[in-house]
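The next block holds one structure in the form of structure tokens; read it before the comments.
Derivation of every value follows stated rules applied to the coordinates shown; laboratory data play no part. Just so it is clear, the model here is predicted, and its values are computed rather than measured. Neighbour counts are summed over all protein chains in view; Cβ atoms, including those assigned to glycine, are modelled from backbone coordinates with ideal geometry.
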Amino acid sequence: MDSYAQQAEAEMWDAIAAQDREYEVERREAEPVDDGTEPCDGCNGSGIYYGRGAVVNGVFKGFTGTCYRCGGKGRQTAKDVKRNRYYDNHVRRFTA
Ligand SMILES: [Zn+2]
């Protein structure tokens with residue numbers, strides 16, 4: 001009974017199912033998860049911090065680096081959030 005058309009359709013549904021699973025994984029990573037962490041506000045989840053630049057010896061240097069707010073994880077743990085809140089309120093003297 002296996003016609004070529006039936007075989008092709010079965011493969012199509014397999015491919016669609018595989019794609020759905022991939023999408024499912026991506027979506028789960030992008031959505032807030034209930035593990036006590038939240039997306040980093042310093043790097044938008046990339047883990048890379050894009051500095052606005054600093055003046056070093058009178059020379060302006062822009063920089064990128066591992067995000068200091070999440071340690072490059074892209075998400076902040078409750079501990080990170082607490083530390084960043086303190087940093088924002090007591091250390092940082094410029095606004096984003
Ligand atoms: Zn970050």
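Couple of notes before you dig in:
- Footprinting exposure proxy for Glu22, Glu38 (fewest neighbouring C-beta atoms within 10 Å first): Glu22, Glu38
- Taking other Cβ atoms within 10 Å as a rough exposure proxy, Val81, Val59 sort from fewest to most as Val59, Val81.
- When Thr77, Thr66, Thr37 are arranged by Cβ crowding within 10 Å, least crowded first, meaning fewest neighbours, the order is Thr66, Thr77, Thr37.
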